[in-house]
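Asks: I am attaching a structure below and will ask some questions about it afterwards.
Nothing in this text is a laboratory measurement; each read-out follows from the coordinates by a stated rule. Note that the structure is predicted; figures quoted are calculated from it, not measured. We place every Cβ from the backbone using ideal geometry, glycine too, and count neighbours over all the protein chains shown.
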Amino acid sequence: MTARPLVMFPDRRLSAVAVPVTAFDDELRRLALDLVDTLRAAPGIGITAGHVGVPLRVVVLELPDDPEPSLYINPEVVWVSEETQRHAEGSVSMPGATEEIERPAKLRLRFQDLDGTVHEEEAQGLRAVCHQHEIDQLDGIFWLQRLSRLKRERVVKRYEKLGRAVPR
């Protein structure tokens with residue numbers, strides 16, 4: 001399909017809460033295909049519809065060991081482990097900026113597919129990190145908000161030095 005333009009940090013739309021998908025139609029299928037193309041063009045391993053300015057609860061993950069992209073409509077975490085892990089995170093909307101974030105190591109996720117059928121999935125490692133990161137984005141929590149103020153300021157400063165930041 002088509003790679004769509006990304007919403008770039010610090011655009012306020014990155015703090016918008018996405019609304020649930022209610023229409024499982026051709027428009028949703030086009031959005032899903034466009035998200036895959038946009039993710040690959042970025043490049044990245046996870047993207048939400050909000051990253052392209054569409055405030056719907058849609059996530060695409062394309063992890064290194066996956067044979068094809070995974071699509072999650074209206075995803076929600078239904079369980080997390082007490083065990084945690086640290087992993088470097090970043091965003092397609094803030095390329096070149098990363099920092100380690102601590103999150104639960106395992107989770108169970110409930111979501112729908114393109115037909116609206118409900119599924120559950122358990123995840124750990126990188127997949128668990130990506131689910132939590134992208135669901136945060138759907139909830140209007142940009143990944144920087146998971147950092148201390150000092151780390152957040154350092155990341156923003158490094159990003160601005162890369163010359164990619166959109167003026168505030």
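Asks: By the gyration tensor of its Cα atoms, with a ≥ b ≥ c the square roots of the eigenvalues, what is the shape of segment 53-168: rounded for a/c under 1.5, prolate for a/b over b/c, or oblate? Walk me through the numbers before you get to the answer.
Replies: Numbers: a/c = 2.08, a/b = 1.55, b/c = 1.34.
The shape class here is prolate.
Asks: Antiparallel DSSP bridges in the chain: what percent, to the nearest 5? Provide the component values of the computation, followed by the final result.
Replies: Values: 25 of 26 bridges.
The antiparallel fraction comes to roughly 95 percent.
Asks: Enter the Cα centre distance for the pair segment 106-168 and segment 1-32, rounded to the nearest angstrom.
Replies: So the separation of the two Cα centres works out to 15 Å.
Asks: What does the charge count around ALA41 come to, taking other residues whose C-beta lies under 11 Å from its C-beta (Lys +1, Arg +1, Asp -1, Glu -1)?
Replies: Numbers: positive: ARG4, ARG40; negative: ASP34, ASP37.
Residues near ALA41 contribute 0 overall.
Asks: What's the local net charge at THR84, with K and R +1, D and E -1, over the other residues with C-beta under 11 Å away? Before the final figure, lay out the partial values.
Replies: Numbers: positive: ARG86, ARG103, LYS106; negative: GLU82, GLU83, GLU102.
That works out to 0.
Asks: Still on this structure, please answer the following. So what is log10(I(q)/I(0)) for segment 1-121 at q = 0.10, 0.14, 0.19, 0.23 1/Å, when the Debye sum runs over its Cα atoms only?
Replies: -0.31, -0.64, -1.20, -1.54
Asks: So, one more: Please compute the net charge surrounding VAL129, taking Lys and Arg as +1 and Asp and Glu as -1 over other residues with Cβ under 12 Å from its Cβ. Kindly include the intermediate steps, with their values, before the conclusion.
Replies: Numbers: positive: ARG86, ARG103, LYS106, ARG127, ARG146; negative: GLU89, GLU100, GLU102, GLU134, ASP136.
Overall, the nearby charge balance is 0.
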